[in-house]
Amino acid sequence: MDNRYPQRVIFKPGKQREFILNIKNKLGFKIDKIAELIDVNSRTLRDWKREKFSMSLPALKTLCKLAGITIPSDIEIKEPFWYTNLGSNKGWFTIQKRYGRVPVDEAYRKKKWYEWWQNKGKFQDRDIFHPLPFSKPSKSEKLAEFMGIMMGDGGMNKSQLSITLHYKDDAEFCEYVVKLIKNLFKVEPTVKRPKMTSVNRIMVSRVELIKFLNGLGLVIGNKVKQQFDMPPWIKENELYLKACIRGLVDTDGCVIKHRYKVNGKEYEYKKLAFTTMSNNLRKTVFNAFKEWGFNPRITQNRDVRLENNNDMKHYFKLINSHNPKHLKKYFN
């Protein structure tokens, strides 16, 4: 027997699901952990639970051993690909009536797909094989601002970019970012709010777009570990640098109202704080503020802060904000 294609276990309808749920209850583990214990993909185990496919005999034996139970008596053991030998309509209807479906062997399916792909599939010209289109904008203030937004609340893997914003506080800014992406790249972003979260996630899936942005200086993967910084084309152009900082502060910055009392009288003034875990980026923003005549301070929490009224006025005049949340806090 080829170990790659083990014997299959055929339960009566509903019993395979019942068996796996019983194992889950006895072991007290989640599906992912059980799948790991029997060395199968968690998706495979979930498909077995849904009775989409028939279980393998080795997996059944291992599960029974782990749970300390005997192998069910009301099952049938079949050779791999047993259903391919059903040579008549009678046999087909019998198996459909008995099991409600013809169990699919996932290993066999993958094997046949790979044969098709090597011999035929990869030579076919299909739309799915072509990269999705997007527009490549020239370097500009808008592109630099988008880069800042991505450096703040954005991230990329090899095929997708995402920007995470608070679903309520940043609702208007989320609309602004979506329009910015449309105007720059001529693509329609997807906006979703994951269940049980308080964020909206703006996503664009384009492999070639990711390559383009990576070439402009955005990193793929963990930004903090890579201690990223603004690319030279932004730092060397004052207009681009201001736009990029605006994108950074609009995402990873906040306006703070500071209240204090003197002789029983209450006073209030406003501060601006920008937070980043990248030492390189923090230094770039700090140095830019110094060069433009601000009096920035780096706190123990790694914030870059502007803490007096003149600096705040200067910031909203020189750089400003496109996030209504910041504008309301400063001007109200």
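Observations on the model:
- Options Thr197, Thr190: the member that is closer than 22 Å to Leu218 by Cα and surrounded by fewer than 16 Cβ atoms within 10 Å (Cβ to Cβ): Thr190
- Selection from the stretch 212-243 of residues that are of a type in the set (Lys, Arg) and assigned to a loop (DSSP other than H, G, I, E, B): Lys223, Lys225
Residues checked against (1) among the charged types (D, E, K, R); (2) modelled with pLDDT of 85 or more; (3) surrounded by 13 or more Cβ atoms within 10 Å (Cβ to Cβ); (4) not assigned by TED's automatic domain parsing to the domain that holds Glu76:
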site	(1), (2), (3), (4)
Asn3	no, no, no, yes
Pro13	no, yes, no, no
Gln16	no, yes, yes, no
Asn25	no, yes, no, no
Ile31	no, yes, yes, no
Ile38	no, yes, yes, no
Leu45	no, yes, yes, no
Arg50	yes, yes, no, no
Met55	no, yes, yes, no
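- Scan of the stretch 208-243 for residues that are touching a Pro at 6+ places or on another chain (Cβ under 6 Å) and not small (Gly, Ala, Ser), ordered by number: Glu208
- Residues that are among the charged types (D, E, K, R), buried (at least 21 other Cβ atoms within 10 Å of the Cβ) and in a helix (DSSP H, G or I), drawn from the stretch 136-171: Glu145, Asp153
- Candidates Lys179, Lys158, filtered to the one that is over 22 Å from Pro231 (Cα atoms) and in the same structural domain as Asn320 (by TED's automatic domain parsing): Lys179
- In the stretch 297-332, the residues that are under 34 Å from the mean Cα position of the chain (by Cα), free of Cβ contacts under 8 Å to residues at least 12 places away in the same chain and under 27 Å from Leu180 (Cβ atoms): Leu327, Lys328
- Scanning the stretch 49-82 for residues that are among the aromatic types (Phe, Trp, Tyr) and assigned to a helix (DSSP H, G or I) gives a single hit, Trp82.
- Meets criteria (over 26 Å from Gly217 (Cα atoms) and at pLDDT below 95) for Lys158: no
- Counted as qualifying within the stretch 248-324 are the strands (runs of 3 or more DSSP E) with 2 or more residues that are touching a helix residue (DSSP H, G or I) at 6+ places or on another chain (Cβ under 6 Å) and within 23 Å of Trp233 (Cα to Cα), namely 265-275.
- Condition met for Lys195 (within 21 Å of Leu241 (Cα to Cα), at pLDDT 75 or above and not in a helix (DSSP H, G or I)): no
The values are calculated or read from the model by the stated rules, or taken from the named source; none is laboratory data. Everything quoted here is computed from the prediction, not taken from an experiment. With ideal geometry, Cβ positions are generated from the backbone for all residues, glycine too; neighbour counts draw on all protein chains shown.
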